[in-house]
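Take a look at the structure below.
The values are calculated or read from the model by the stated rules, or taken from the named source; none is laboratory data. Computed from a predicted structure; not experimentally measured. In this analysis, Cβ positions are derived from the backbone assuming ideal geometry, glycine residues included, and neighbour counts consider all displayed protein chains. Just so you know, the surface numbers come from the protein's heavy atoms only, side chains and all, with ligands and any DNA or RNA stripped out. Shrake-Rupley method; radii C 1.70, N 1.55, O 1.52, S 1.80 Å.
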Amino acid sequence: QVQLVESGGGLVQAGGSLRLSCAASGIIFRINAMSWYRQAPGNQRDLVATITRGGYTNYADSVKGRFTISRDNAENTVYLQMNSLKPEDTAIYYCNADLITTGDYRRGYDYWGQGTQVTVSS
């Protein structure tokens, strides 16, 4: 029983900052990667940032230079530090994890959090 729980969303003024957290719990043999996605009304769910098992990071062009993804592997937690927020960052942010949960290291499975609302006012 694996669960991802996000926290840290809220309302912030443009130019402000928020820090999102996502904690994974359950039987986890290995974290292959953890990511943040976001979805605004009427839009598809888009990848925001990813951090791999080795600590490599990737960002969507729209957030590069403003957002930073990091993780605490000991706590199975991923963070998203969001600075210089813009109204267009308003969305529900979802945590995603590619996890080895069965002991079969040949494949991982995707798990999703419930989402946390981020609203940036102009």
In the chain, what percent of the accessible surface is made up of carbon and sulfur (1.4 Å probe, ligands and nucleic acids excluded)?
44 percent
Take the chain, connect every pair of alpha-carbon atoms lying under 10 Å apart with a spring to form a Gaussian network, then pick out the residue of 23, 60, 97 with the largest mean-square fluctuation.
60
Please label the shape of the range 56-114 as rounded, prolate or oblate, based on the square roots a ≥ b ≥ c of the eigenvalues of the alpha-carbon gyration tensor (a/c under 1.5 means rounded; beyond that, a/b larger than b/c means prolate, else oblate).
prolate
Alpha carbon centroid spacing (whole Å) that separates the range 43-122 from the range 9-35
6 Å
Chymotrypsin sites (Phe, Trp or Tyr not before Pro) within the range 62-122, DSSP loop, no more than 14 other Cβ atoms inside 10 Å:
105
Could you state, as a whole-number percent, how many of the C-alpha pairs of the chain are farther apart than 17 Å?
53 percent
Heavy-atom accessible area of residue 45 with all protein chains present, probe 1.4 Å, nearest 10 Å²?
90 Å²
Using a 1.4 Å probe, how large is the accessible area of residue 122, given in Å² and rounded to the nearest 10?
140 Å²
Quick one: if the Förster radius is 22 Å, what FRET efficiency do residue 72 and residue 117 give, using the C-beta to C-beta distance and rounding to 0.05?
0.40
Rounded to 5, the percent of DSSP beta bridges in the chain classed as antiparallel
90 percent
Got a sec? Charge dipole of the chain, +1 on Cβ for Lys and Arg, -1 for Asp and Glu; which of 116, 80, 5 is way out at the positive end?
80
